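Let me begin by presenting the structure, written as structure tokens, before commenting on it.
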Amino acid sequence: MEYKIGLIKGDGIGPEIVEEAVKVLDAAAGKYGFAFNYTDICMGGCSIDRFGVPLTDEAIKAAKESDAVLMGSIGGNAATSPWYKLEPSKRPEAGLLGIRKALNLFANLRPSVLYEELRSACPLSTATAKKGFDLIIVRELTGGLYFGERYTKDIDGTETAVDTLSYNETEIRRAAVRAFDIAMKRNKKLTLVDKANVLDSSRLWRKVTSQVAKDYPEVSYDTMLVDNCAMQLVKDPAQFDVLLTENMFGDILSDEAAMITGSIGMLPSASLNDSRFGLYEPSGGSAPDIAGKNIANPIATILSAAMMLRYSLDQDKAAEGIEQAVRQVLKDGHRTGDIMSDGCHRVNTDEMGDLIAGAL
Ligand code: IPM
Ligand code: MG
């Protein structure tokens, strides 16, 4: 079996962390008996430099022809990079939003796990860290404020900016079904996060999600207001299993959920459409300040590759093998700088990749 994988190495630390994930994928392919055929896809700042736009039709076509796409990160330093002198629709981030929409990647899965070995990095109270947590945010990714009508114009002599938040029941239902399916494979608990005390769109999310919930009687289903959820995530994250939410709330809560694990360098993510296709990327950004220094943490990208094996390629054993190898390397005390603690052994980006590939 040979899989076609698109690689969006991207900007900043993207190329170096993707290289380590490829190393680990190749080791997994050798061990579990399949092969990869990689195609580079240019997107983000590097696409602006080469083609003048952050996303080309060729890039979309190459992604569509792949079984799955593994991405590093896109974007640069907004204060210093010339990319941010361009109008918003021509900047690196527009490439990311464009590919999400073009490939219909409506379900964004962002797991947040506190590893036993990294408890000391958790910024929460000692008691909360000791309890640990393992939750996943299912963020709707192709609707809401991100893709609503927007404009800035002069209204009666006052400059006015408008962003619209709209969802229809079809968009909500498909995200909810995906989240309940995931809950069935986990601890069978799902919380819809919304602002139903204020927003019409949230009230529609509640209506549609509670209808979907009837098809999953084994899943315990509840709802929570987003402001309360922001508090509960720092107070008692262990109460959560699957959090389902709309695009903007999911953007904000997923950064919070990442931070409470101690390092954003550990967290993978998957963006899925209706078929098996997905785009997999680390939750962290392009970190231009440390790019090219071989010190970035490649684990989030390596774990994203594991998610790719599980969700798009049906290679669950290989996915578990990689996750196990990551845990083993952490247990053995190896750490990149971002997760370094006393008594551990500090390693570079490529050494971490070698260790994980070796532990397979
Ligand atoms: C994310 C990022 C993007 C988003 C940005 C880069 C457009 O923050 O993937 O969470 O807001 O979705
Ligand atoms: Mg974000």
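Distance between the 7 Å Cα→Cβ label points at Met1 and Asp26: 2.1 nm. When the listed pairs Lys9/Lys293; Lys4/Lys185; Lys9/Lys64 are checked against a 19 Å cut-off, the alpha-carbon distance exceeds it for Lys4/Lys185.
Measuring between their Cα centroids, segment 1-62 and segment 177-200 lie 32 Å from each other. Legend: Rg and Dmax of segment 1-137, from Cα coordinates, 18.1, 52 Å. Comparing Asp163, Asp236, Asp338 in a Gaussian network model of the chain, where Cα atoms under 10 Å apart are tied by springs, the biggest mean-square fluctuation is seen for Asp163.
Every Cα-Cα pair of the chain was included, and the share exceeding 38 Å stands at 15 percent. Note on segment 229-329: with charges restricted to the Cβ of Lys and Arg (+1) and Asp and Glu (-1), its dipole about the Cα centre is near 340 debye.
Ellipticity at 222 nm from helices only: DSSP H runs of n ≥ 4 in the chain, each -39500 (n - 2.57), divided by the residue count, give -12500 deg cm²/dmol. Can you work out the FRET efficiency for the pair Leu86 and Arg150, with r the C-beta to C-beta distance and R0 = 25 Å, to the nearest 0.05? The computed FRET efficiency comes out at 0.90. For segment 123-260, what D do you get in µm² per second when you plug the Kirkwood radius from alpha-carbon pairs into Stokes-Einstein at 20 °C and 1.002 mPa s? D, rounded to a whole number, is 134 µm²/s. In the elastic network of the chain, a GNM with C-alpha springs shorter than 10 Å, the most mobile of Ile136, Ile339, Ile299 is Ile339. Across segment 262-270, computed HN-Hα scalar couplings (Karplus, 6.51 cos²θ - 1.76 cosθ + 1.60, θ = phi - 60°) run x, 8, 6, x, 9, 9, x, 8, 10 Hz from first to last residue, x flagging Gly and Pro.
For the residues Leu309, Leu165, Leu86, a GNM of the chain with alpha-carbon springs under 10 Å puts the largest fluctuation on Leu86. Dividing the C-alpha radius of gyration of segment 61-159 by 2.2 N^0.38 Å, with N its residue count, gives 1.55.
No value in this document is a laboratory result; all are computed from the given coordinates. The structure presented is a predicted model; accordingly, all values stated were derived computationally and were not measured. Cβ atoms come from the backbone with ideal geometry, glycine included; neighbour counts cover every protein chain shown.
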